[in-house]
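Each value in this text was obtained by applying a stated rule to the coordinates, not by laboratory testing. Given the structure is predicted, the values throughout are model-derived calculations rather than measurements. Cβ placement follows ideal geometry from the backbone for every residue including glycine, while neighbour counts extend to all protein chains displayed.
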Amino acid sequence: MLSVTLPDGTKVPALGQGTWHMGERGGQRKAEVAALRLGLDLGMTLIDTAEMYGDGGSEEVVGEAIAGRRGEVFLVSKVYPHNASRRGLPQACERSLKRLGVETIDLYLLHWRGSVPLADTVEAMERMRAEGKIRHWGVSNLDVDDLEELGAALADCATDQVLLNLEHRGPEYDLLPFCADHRMPVMAYSPVGQGGALLRNPVLAELAQARGATPAQVAIAWTLSRPGVISIPKAVRPEHVRENAAAGGIVLTAEEHAALDAAFPPPKRKRSLAML
Ligand code: NAP
């Protein structure tokens, strides 16, 4: 499995599993737990969740999936912006720990920027780190100007999780180079475009067919081809989980990159960060 290095030298898998919309419907729970366990078996041992997903339901599903396997997993969760204050963040973190059934979250992210000053969030994150409740902290949906505002704390920010896929290449213009300069990996969310129009793109479909892969696999392989990028596709259907895990072994050729660049042109100027 490919890996990516966090600023403090910790190695994490470059291909993980997302969990948005898990834990929303009780009838799906068994399938969701099974999907995450299958993903772990196949080496996708980084799992991304958030207190927002399913109102905590996703964290509970993750907790069930990793029970007895905590040592294998690099666990990522996120705090709501309105909970990211000096007082609110520790309480939200405790609730997440309980739902996940763990003592420590490996990487805890500010989900997006709200009205709480970033300095307050950083202070609370650092306190959680000192207390061993989290191992690393990071952010999500922050553009370059927000990251710059972190100032000296930027050195301790482990990642920025952003919308990055073939249809949303804006971060390649300035965010990816900025994060690379700070040796900070970027986590690409919605790498298969939520299973929508991206996967029906004729260029992507043809290219995938020609190499005996699926469009989703090529879309994931493309995110992994960006240096320092962690890709976190979400899948419940076991055939999707298997496909996604195998995408970690796909290395796109220069010709394939050229074809994808023609169909999904890279940004030529700054675009503000898109988010879902
Ligand atoms: P995604 O991973 O691009 O797409 C998930 C959808 O695609 C699901 O409907 C899934 O179906 C389907 N799918 C997965 N693998 C497939 C395959 N091989 N072939 C065809 N369809 C496939 O979208 P996402 O869930 O938005 O993003 C991934 C993760 O990133 C999230 O789950 C979440 O953890 C994180 N995220 C973070 C933010 C943020 O603000 N920080 C925002 C969005 C997402 P099945 O489930 O039915 O298998």
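Couple of notes before you dig in:
- Label point 7 Å beyond Cα of Arg237 along Cβ direction - residues of the range 180-208 with amide nitrogen under 14 Å: 194-197, 199-200
- For the listed peptides 72-80, 246-254, a ranking on the average number of other beta carbons within 10 Å per residue, highest first, reads 72-80, 246-254.
- For the range 10-263: rounded, prolate or oblate by the Cα gyration tensor [a/c cutoff 1.5]: oblate
- In order along the range 40-57, phi translates into HN-Hα couplings of 4, 4, 8, x, 8, 8, 8, 10, 10, 9, 6, 4, 5, 5, x, 6, x, x Hz, rounded to whole numbers, per the Karplus curve 6.51 cos²θ - 1.76 cosθ + 1.60 with θ = phi - 60° and x for Gly and Pro.
- Gyration tensor (alpha-carbon) shape descriptor, the range 168-276, a/c threshold 1.5: prolate
- Rounded to the nearest 20 debye, dipole of the chain from Cβ charges on Lys, Arg, Asp, Glu: 520
- For the chain, adding -39500 (n - 2.57) for each run of n ≥ 4 DSSP H residues and dividing by the number of residues yields -11000 deg cm²/dmol at 222 nm.
- The HN-Hα couplings worked out from phi for the range 215-221 by the Karplus form 6.51 cos²θ - 1.76 cosθ + 1.60 (θ = phi - 60°) are x, 5, 5, 5, 4, 5, 4 Hz, whole numbers, x standing for Gly and Pro.
- Take every Cα pair under 8 Å whose residues are at least 6 apart in sequence, average their separation, divide by the length of the range 111-219, and the relative contact order is 20 percent.
- Gain on full stretching of the segment that runs from Ala263 to Ala67 - 0.36 nm per residue minus C-alpha separation: 66.3 nm
- Entries in Lys11/Lys270; Lys133/Lys234; Lys78/Lys268; Lys30/Lys234; Lys98/Lys234; Lys30/Lys133 that, when Cα-Cα distance is taken, lie over 21 Å: Lys11/Lys270; Lys133/Lys234; Lys78/Lys268; Lys98/Lys234; Lys30/Lys133
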